[in-house]
Amino acid sequence: MSLNDYLKQATDNGWAVGHFNASELDQIRAILDACKEIGSPVMVGTSEGERKHLGLLEAVALRDAFRKKYGIPVFLNADHHKSVETAQEAIDAGYDSVHIDLSSFPMEENVIGTKMVVDYARVKNKEISVEGELGYLRGESKIHHEKIEVKPEDYTKVDQAKEFVARTGVDRLAIVIGNIHGIAPSHPRLDVQRVLDIRRALPNSVALVLHGGSGIPDGEVEEAIGVGIANVHINTELRVAYVHGLKRDLEQYPGEVAMYKLDAGAIKAMKLVVKDKLKLFGAVNKI
Ligand SMILES: [Zn+2]
């Protein structure tokens with residue numbers, strides 16, 4: 001099954017495919033170990049920064065290696081790619097999916113650029129899944145110490161979502177409903193009604209994506225999935241688990257210099273987060 005097939009199943013049956021970011025081999029292994037154990041299809045994402053660190057061809061080669069070794073559906077996504085060119089590079093390299101994020105541009109430019117990526121992907125391989133984004137998603141994938149103010153005009157508008165999807169032909173739409181990137185001292189409550197309204201306005205073949213899943217209370221994530229979110233992104237919570245695990249082991253074993261021993265605790269912590277999230281998303285035994 002293709003990624004779009006899994007997303008359609010998730011939309012129809014009220015669960016969500018997990019999307020987890022990684023920039024290291026061991027992090028990808030941690031994510032996929034968790035998925036293998038509980039039977040979840042999964043998206044592994046690399047932002048432009050993560051991709052630069054890991055390498056485009058290296059990311060594709062690792063996906064292929066893990067597919068072969070684990071026999072599970074793992075899909076590689078170019079997360080938040082901010083230009084048509086970088087999105088096309090990921091498609092050329094063999095990514096299964098691209099998220100072309102032109103949400104900082106006016107609607108018209110966003111539509112034109114996103115449509116270019118959709119057209120490019122369709123010619124290359126019909127199974128490539130393309131995500132567009134509408135609305136103003138604040139924050140970065142880190143721990144914020146100040147409150148992040150989300151304004152009503154940041155939210156994705158139902159009529160614009162409908163127009164955007166019709167004109168671009170995207171497979172997935174990232175929406176802003178009170179979510180932010182990163183973990184902040186307080187989070188706005190997710191606007192579940194808005195998810196429902198957008199869901200009703202769009203064809204069922206288009207998946208709704210929730211970015212910034214880190215730090216949102218479990219109950220709210222469940223509610224959002226219940227009304228139509230089919231894909232949830234987690235990055236910051238993984239970064240925190242990894243770095244805290246690493247710090248703990250560096251302190252505990254000051255004489256240790258073998259990296260593969262030092263990052264074992266970090267990987268274990270990451271794997272636990274992935275498992276918990278997949279259970280929360282209802283993604284267990286979905287292969
Ligand atoms: Zn995101």
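Rule-based calculations on the coordinates, nothing more; no lab input. Because the structure is predicted, anything quoted here is derived from the model rather than measured. Virtual Cβ from ideal backbone geometry, glycine too; neighbours counted across all protein chains shown.
Observations, loosely collected:
- Gain in span if fully extended, LYS261 to ILE38, counting 0.36 nm per residue against the direct Cα distance: 77.8 nm
- Cleavage-rule hits (trypsin sites (Lys or Arg not before Pro)) in region 165-255: DSSP loop, at most 12 neighbouring Cβ within 10 angstrom: ARG189
- In plain terms, the residue of LYS142, LYS126, LYS286 with the fewest other Cβ atoms within 10 Å comes first and the most crowded comes last, giving LYS126, LYS142, LYS286.
- Helical mean residue ellipticity (222 nm; -39500 (n - 2.57) per DSSP H run of 4+; nearest 500) of the chain: -15500 deg cm²/dmol
- Look at SER97, SER141 and count the other Cβ atoms within 10 Å of each Cβ; fewest to most, that gives SER141, SER97.
- Sites listed here are chymotrypsin sites (Phe, Trp or Tyr not before Pro) in region 1-55 whose DSSP assignment is loop and whose Cβ has at most 12 other Cβ atoms within 10 Å, and the list is empty.
- Look at where the Cα atoms of region 36-52 and of region 200-272 average out, and the two centres are 10 Å apart.
- Distance between the pseudo-spin-label points of LYS124 and ILE143 (7 Å out from Cα toward the beta carbon): 3.7 nm.
- Summing Cβ point charges (Lys, Arg +1; Asp, Glu -1) relative to the Cα centre of the chain gives a dipole of roughly 620 debye.
- Between VAL60 and TYR253, full extension at 0.36 nm per residue minus the direct alpha carbon distance yields a gain of 66.1 nm.
- Förster-model FRET efficiency, 22 Å R0, LEU272 and GLU220, C-beta, rounded to 0.05: 0.55
- With a simple spin-label model that places each label point 7 Å from the Cα along the Cα-to-Cβ direction, the separation between GLU89 and TYR70 comes to 2.6 nm.
- Among 77-87, 100-110, 147-157, the peptide with the highest mean count of other Cβ atoms within 10 Å heads the list, and the full ranking is 77-87, 100-110, 147-157.
- Selection of GluC sites (Glu not before Pro), region 1-48, meeting DSSP coil and at most 12 other Cβ within 10 Å: none
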